[in-house]
Amino acid sequence: VQLQASGGGLVQAGGTLRLSCAASGSISSMNAMNWYRQAPGKQRELVAGISRGGSTNYADFVKGRFTISRDNAKNTVYLQMNSLKPEDTAVYYCHAVRLLANYWGEGTQVTVSS
C-alpha cells in the first residue's frame, strides 16, 4: 500500500487546513490509520488516529482543534485542522497499520505563521 499525503501549506495562526491521505489500496482492511508529525529537531509524534471500527484518538495538544476521519469508498483519510498555532508547524505524515505491517507516506509540510 502506498500512501500519499497532501493539503499542507502556509497559513496564519488561527487558520485552517485539511490534510488528505490517499491510499493506493483499500483502507478498510487497515487496523488503524494515523497522522504523525515531526517538527525540526524533534521526534516524530502521534497526532491522531482512527481505527477500522471508527474509533478516534487524539494527542492532548490537538484535542478540540483537529478531527480525523476516513472515507473507505475513496480510500482516503483526512485531518481537519482548525485554530492552528505556530507550534503546529511540522511535516505531517500519514501512517497505516495492518496486522504487523506499517506503511508510511511522504510527508506534507504545514507552516503556521504568527
Q: Could you rank TRP104, TRP35 by how accessible they are, 1.4 Å probe, largest area first?
A: TRP104, TRP35
Q) What accessible surface, in Å², does a 1.4 Å probe find on SER20, ignoring ligands, DNA and RNA and rounding to the nearest 10? A) 30 Å²
Q.
Can you give the FRET efficiency to the nearest 0.05 for ALA73 and GLN12, using r as the Cβ-Cβ distance and R₀ = 22 Å?
A. 0.10
Q) So what J values fall out for the range 27-44 if you push phi through Karplus, 6.51 cos²θ - 1.76 cosθ + 1.60 with θ = phi - 60°, rounded to Hz, Gly and Pro as x? A) 9, 5, 8, 6, 5, 7, 10, 10, 10, 10, 9, 9, 8, x, x, 10, 6, 5
Q.
Explain nothing, just the number: dipole magnitude of the chain about its Cα centre with +1 on each Lys and Arg Cβ and -1 on each Asp and Glu Cβ, in debye rounded to the nearest 20.
A. 160 debye
Q: Taking the Cα centre of the range 1-65 as origin, work out the dipole magnitude from +1 charges on Lys and Arg Cβ and -1 charges on Asp and Glu Cβ, in debye rounded to 20.
A: 60 debye
Q. Where Lys and Arg each count +1 and Asp and Glu each count -1, what net charge lies around GLY8 among other residues with Cβ under 14 Å from its Cβ?
A. 0
Q | Placed amide H near LEU84: partners under 5 Å, 5+ positions off or other chain | A | GLY14, GLY15
Q) Any idea of LYS42's accessible area? Nearest 10 Å², probe 1.4 Å. A) 140 Å²
Q | Sulfur and carbon atoms: percent of accessible area, the chain [1.4 Å] | A | 47 percent
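With the other protein chains left in place, how much accessible area per residue, in square angstrom, belongs to the chain at a 1.4 angstrom probe? Present the calculation step by step, with values, prior to reporting the outcome.
On the way: 5900 Å² over 114 residues.
Accessible surface, normalised per residue, equals 52 Å².
Order ASP71, ASP88, ASP60, most accessible first, counting only protein heavy atoms with a 1.4 angstrom probe.
ASP60, ASP71, ASP88
The values are calculated or read from the model by the stated rules, or taken from the named source; none is laboratory data. Since this is a predicted model, take the numbers as computed values, not measurements. In this analysis, Cβ positions are derived from the backbone assuming ideal geometry, glycine residues included, and neighbour counts consider all displayed protein chains. Surface areas here come from the heavy atoms of the whole protein model, side chains and all, with no ligands, DNA or RNA. Shrake-Rupley method; radii C 1.70, N 1.55, O 1.52, S 1.80 Å.
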